[in-house]
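Contents: one structure, followed by commentary.
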Amino acid sequence: METPSRIAATPDALDFTVENVEKALHQLYYDPNIENKNLAQKWLMQAQVSPQAWQFCWALLSPDKVPEIQYFGASALHTKISRYWSDIPTDQYESLKTQLFSQIACFSSGSKMVLTRLCVALASLALNTMPEAWPGAVAEMVRVFQEEGGGVDGRARCLALLELLTVLPEEFQTSRLPQYRKGQVRGALGREWGSVCPLLQQLLRRTDSPGAVKARVLRCLSSWVLLDVPLSESEGLVHDCFGALPDPELFDTAVEAIVNAISQPDSQRYVNTLLKLVPQVLALQEQLREAVQNGDMETCHGICRIAVTLGENHSRTLLEQVDHWQSFLALVNMIMFCTGIPGHYPVNETTSSLTLTFWYTLQDEIMSFESDKQAVYLQVYRPVYFQLVDVLLHKAQFPSDQEYASWSSDEKEQFRIYRVDISDTLMYVYEMLGAELLSNLYDKLGRLLTNAEQPTSWQHTEALLYGFQSIAETIDVNYSDVIPGLIGLIPRININNIQLADTVMFTIGALAEWLADHPVMLSSVLPLVLQALGNPDLSVSSVSTLKKICRECKYDLPPYATNIVAVSQEVLIKQIHKTSQCMWLMQALGFLLSALPVEDILRNLHSLITPYIQQLEKLADETPNPSNKLMVHIFASETDHFPPIKALFELVTSVTLSIFQQGPRDHPDIVDSFMQLQAQALKRKPDLFLSESLDVKAVFHCGVLSLKFPEAPTVKSTCLFFTELLPHCSDVPPLARVVQEDGKLLVQAVLEGIGGGASRSLMDQFAEVLFSLNKNCFSLLAVWLKEALQPPGFPSSRITVDQKDNFSQQILRERVNKRRVKDIVKEFTLLCRGLHGTEYAAEY
């Protein structure tokens, strides 16, 4: 026999025999050479779709073959049925069905993975033939497997039937049926529920049913409810699922079934069924408390999921049942218990994070009622939300220093993200609770800091400040009467910990706008910020806070300018901060200097900038190497008055372009900084791009090149550059010219990234560029998309012409809804990467 590697090289001579397939599978599984494995896999994929597959697949299922070979035979069958259905003559449907039933019966006591593939193959056949060619398909499946015979014991037959019934709806969800057929088949499957439901109930309620059978029943129910089976028709089974929760072996599958059943969009129509579910959920509280006491995180997680799913999906329906307000309030309090579950997230518990979106949903529903009704609900739920704030701030507290030091970096990062989620929730809750929330936090902080008798932990102080910061960061607190008191309390804080110091800095930064209206208070906080600048552990918080103060309060800072510049120069010389923080610091100084007299600006600029210009000129003359770092980032809000700033911008641009000519790949940090500089210039002073001394076309081409860098931060900065550039097509002629001439290159680079050239984490940024193109160059984008997507295999070989056309049309339709464009891009990138419908897509 020719080896698969030689066969693959000569397609005309492909010999897809049973013997060759077995040898190729052996090569795939056991050959240590990766190249041989890849060749074997390629050959097997061709074999699977060949006409000969109909012959070898049945032979590969022979009982004397090993499971890996049998599995390939079953997979080949499924591929032929699901993807090449039109090749099968109608007079062969019945024999194919009979053979599959026979093989499933044989494998019901054999390899589980082979059995599943055979069930999927029969499911695909059923979907292609129901309801016309195979009416009552599910009823026949049930009848065939309930019949005695074939030497297969009843339990194995029952498990095989349940596997078949489970994969049938799953295969429907991922099938390639045309849209009109999907509707027909969904309707037919809905009518077949009448054959499935009694069987599942009977098996779940029988006391002699083995645990494995009950677990499979629960999986089967999970699968069917995703077809929008009416909740009223699955009510009895859902009730039985609650009965299965005390059994540890059935707990996970029972939770999944309950959650899937009550989260179907259609389920809100069945109010009476939902009302019956509330007491069943409340009855789980004892099991929940026991799980908390025993440290059983999985059980806590599962019960919480059920409570949150019911509350989140049906809060409006349940709020409207005013006669049952107490039972819904009890459910809300149960979810509150889950939010405040003991232990530190994510080390001791992982449950509390599940509940946060529920509080958004409940608040939205309450606030959407008309004012009279809303007032009644607020009377009940405002106290609940004040309690929620206390619970969230408790959960946001850091553990003891010793415990925190023992956490892994991944655990610390998860905790940081969790605190951001809590911060977002607090900000949202402010909309309901208003100024009273700030007063509440201020009173607690005041009592904490002025109570000399009771020693306080830094964690408690930090959490309360974090609450203030969360709200002040995004809500206008200028009219709050507690902020002067808060500013007065900050110097009283004993800052003996990095996390506490960080939060103090961020809180001051969040109050920068308030300080601009109350400049007399600057003297209380500015010394703290300048002192923190010298601590590398406070780099991000101290520099970002100084930047905010310099931006918001620049006209009140001249008395402090000398001190600010001196401290900043000192930390820059000592190289305390990383490149990005140095850039922020330069921006801060730019804000500060722009409010000074011209002669002071130039004097300070000269001393600040000269070392960086010298470094850039040196870098431009050197052979590029990875050790060459620091790009200057300058901001000046009134460049018309400062010709030196304009000249400096042009010099920096010119020097950096020369680095591009030498090859920028070794300098992603310089490229990142350069793109950020260009974006800021476009945002603050687009007139700079009118200059004849600036090579706008070269800058644009550098941007297109930078989109293809593997470093995500560089690509993000470049996308920001293009989203700032495109709106100026209408008012900056040089930019309009370069976009008109070379915009297609930009579209191609963006599509290349979406097609698989860039990390999936960057898709939102690419979507922003497409959205901006659509908004500012609509007619050109239509042409560019058509031309760019024309070549076969671009941006991915997995994409069909129809899918490309659909993507173009969807993008061009969305000129207002940016979120929708992001969703369209995410959907398209999954298709391009072959991940659509996979578990990766679900996580995405």
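Quick notes
- Qualifying positions in the stretch 682-701 - open to solvent by 10 Å² or more (accessible area, probe 1.4 Å), more than 30 Å from the chain's Cα centre (by Cα) and under 23 Å from Val747 (Cα atoms): Pro686, Asp695, Val696, Lys697, Ala698, His701
- Among (1) among the polar types (S, T, N, Q); (2) free of Cβ contacts under 8 Å to residues at least 60 places away in the same chain; (3) in contact with a helix residue (DSSP H, G or I) (Cβ under 7 Å, 6 or more places away or on another chain), the one test that Ser371 misses: (3)
- Subset of the stretch 584-635 that is of a type in the set (Ser, Thr, Tyr) and within 26 Å of Gly509 (Cβ to Cβ) - its residue that is modelled with the lowest pLDDT: Tyr612
- Test: residue in the stretch 767-782 that is outside any helix (DSSP H, G or I) and over 24 Å from the mean Cα position of the chain (by Cα): yes
- Selection within the stretch 79-103 - open to solvent by less than 70 Å² (accessible area, probe 1.4 Å), over 12 Å from Trp58 (Cα atoms) and of a type outside the set (A, V, I, L, M, F, W, C): Thr79, Lys80, Ser82, Tyr84, Pro89, Tyr93, Ser95, Lys97
- The stretch 338-367 - residue that is assigned to a helix (DSSP H, G or I) and aliphatic (A, V, I, L, M) and, of those, surrounded by the most Cβ atoms within 10 Å (Cβ to Cβ): Leu362
- Scanning the stretch 799-830 for residues that are more than 18 Å from Asp764 (Cβ to Cβ), open to solvent by 40 Å² or more (accessible area, probe 1.4 Å) and part of a helix (DSSP H, G or I) yields a total of 7.
- The residue that is nearest to Leu726 (Cα to Cα), among those in the stretch 785-798 that are of a type outside the set (Phe, Trp, Tyr) and either open to solvent by less than 20 Å² (accessible area, probe 1.4 Å) or touching a residue at least 40 places away in the same chain (Cβ under 8 Å) (or both), is Leu785.
- Counting residues in the stretch 406-416 that are of a type in the set (A, V, I, L, M, F, W, C), over 35 Å from the mean Cα position of the chain (by Cα) and over 27 Å from Asn333 (Cβ atoms) gives zero.
- Residue in the stretch 154-166 that is in contact (Cβ under 8 Å) with a residue 12 or more places away in the chain, touching a helix residue (DSSP H, G or I) at 6+ places or on another chain (Cβ under 8 Å), among the polar types (S, T, N, Q) and open to solvent by 20 Å² or more (accessible area, probe 1.4 Å) present: no
- Residue within the stretch 412-430 that is more than 21 Å from Ala501 (Cβ to Cβ), surrounded by 17 or more Cβ atoms within 10 Å (Cβ to Cβ) and among the β-branched types (Val, Ile, Thr) present: yes
- For Thr800, the conditions (1) at pLDDT below 90; (2) closer than 23 Å to Asp672 by Cα all hold with the exception of (2).
- Residue that is farthest from Glu19 (Cα to Cα), among those in the stretch 73-101 that are without any contact (Cβ under 8 Å) to a residue 24 or more places away in the chain and of a type in the set (S, T, N, Q): Ser86
- Taken as a whole, the condition of being modelled with pLDDT of 95 or more, among the polar types (S, T, N, Q) and under 21 Å from Ala257 (Cβ atoms) does not apply to Thr339.
- The residues of the stretch 368-396 that are in contact with a Leu (Cβ under 9 Å, 6 or more places away or on another chain), more than 21 Å from Gly467 (Cβ to Cβ) and surrounded by fewer than 17 Cβ atoms within 10 Å (Cβ to Cβ), listed by number, are Phe369, Val380.
- The residue that is surrounded by the most Cβ atoms within 10 Å (Cβ to Cβ), counting only those in the stretch 463-508 that are of a type in the set (Gly, Ala, Ser) and farther than 25 Å from Pro399 by Cβ, is Ala472.
- Unique match (being farther than 23 Å from Ser109 by Cβ and either among the aliphatic types (A, V, I, L, M) or open to solvent by 40 Å² or more (accessible area, probe 1.4 Å) (or both)) among Gly243, Gly187: Gly243
- The listed residues are Leu735, Leu781, Leu746, and the only one of them that is closer than 23 Å to His667 by Cα and either in contact with a helix residue (DSSP H, G or I) (Cβ under 8 Å, 6 or more places away or on another chain) or at pLDDT 95 or above (or both) turns out to be Leu746.
- Residue match in the stretch 757-765 (condition: over 22 Å from the mean Cα position of the chain (by Cα) and open to solvent by less than 50 Å² (accessible area, probe 1.4 Å)): no
- Residues satisfying the stated conditions in the stretch 769-784, i.e. surrounded by fewer than 21 Cβ atoms within 10 Å (Cβ to Cβ) and either within 21 Å of Ser717 (Cβ to Cβ) or touching a Pro at 6+ places or on another chain (Cβ under 7 Å) (or both): Lys775, Asn776
- Within the stretch 23-39, considering residues that are of a type in the set (A, V, I, L, M, F, W, C) and surrounded by 13 or more Cβ atoms within 10 Å (Cβ to Cβ), the one farthest from Lys65 (Cα to Cα): Leu39
The values are calculated or read from the model by the stated rules, or taken from the named source; none is laboratory data. All figures in this text were calculated on a predicted structure; none of them were measured in a lab. Ideal geometry is used to build each Cβ from the backbone, glycine not excepted, and the neighbour counts take in all protein chains shown. Heavy atoms of the whole protein, side chains included, go into the accessibility calculation; ligands, DNA and RNA do not. Shrake-Rupley method; radii C 1.70, N 1.55, O 1.52, S 1.80 Å.
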